[in-house]
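Contents: one structure, followed by commentary.
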Amino acid sequence: MADHSHIATLDSTLVDRLPAYSKTLFDAKATKKLTFEEIAKELGRGEVAVAALFYGQAQASAQDVEKLSALLNVPKESLEATMMGFPDRGRSGPMPPVEPLIYRLYEIVQNYGYSFKAIMNEKFGDGIMSAIAFSSKIEKEVDNDGVAWVNISMRGKWLPYTRF
């Protein structure tokens, strides 16, 4: 069951960097006290994918727009034209990130990126992991001592480099 005392809202410092519909969606989400997990279940998508829709980092389908409109009581017409267009990805925050949690994720890649790359290359050969044919999942894990741990999984299609 979702913890409704912790509903993600839109950081006001990001508003100018995001599509106009982001604020509308986040405001409606907060009013309805819905988690991304609950919205994802209604849309039939993963919660990371739904959050990406809210931040303008993913393209919505007609079905996504229809379901979001109904669930959040947002006029469908105000979402259709913009959410179904091509996203302008990667502009939502400064680089390097200044928000501490996002910086820690960035730091993980700084510290372990070459290790990840080397191991992937050993296992798959020369190539890259797709961020397009991709999914991600975030889970909460509590150990025997009651300490909460974050478990982030990333699943991307392996794209081997081709000779030309």
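The values are calculated or read from the model by the stated rules, or taken from the named source; none is laboratory data. Since this is a predicted model, take the numbers as computed values, not measurements. For neighbour counting, all protein chains shown are included, and Cβ atoms are generated from backbone atoms with ideal geometry for every residue, glycine included. Calculation scope for accessible area: heavy atoms of the full protein, side chains included, ligands and nucleic acids excluded. Shrake-Rupley method; radii C 1.70, N 1.55, O 1.52, S 1.80 Å.
Mean residue ellipticity, 222 nm, helices only, the chain: the sum of -39500 (n - 2.57) across DSSP H runs of n ≥ 4, divided by residue count and rounded to 500, is -14000 deg cm²/dmol. Per residue, the accessible area of the range 54-144 comes to 74 Å² when a 1.4 Å probe rolls over the protein heavy atoms. Using C-alpha pairs below 8 Å separated by at least 6 residues, the relative contact order for the range 46-164 is 21 percent. For percent of Cα pairs over 28 Å apart, the value computed from the atomic coordinates appears in the list [x] 32; [y] 50; [z] 19 under label [x].
How would R45, R17 line up by accessible area, probe 1.4 Å, largest first? Can you show the working numbers first?
Numbers: R45 80, R17 115 Å².
The most accessible residue leads, giving R17, R45.
Under Stokes-Einstein, with the Kirkwood radius over Cα pairs standing in for Rh, what whole-number D in µm²/s applies to the range 24-82 at 10 °C and 1.306 mPa s? The diffusion coefficient I find is 142 µm²/s. When the Cα positions of I138, A70, G85 are compared along the charge dipole of the range 65-140, I138 comes out farthest toward the positive end, with charges on each C-beta of Lys, Arg, Asp and Glu. Given a cut-off of 20 Å, name the pairs among K137/K157; K41/K157; K32/K137; K29/K140; K32/K76; K41/K140 whose C-alpha atoms lie farther apart than that in the structure shown. Beyond 20 Å between Cα atoms: K41/K157; K32/K137; K29/K140.
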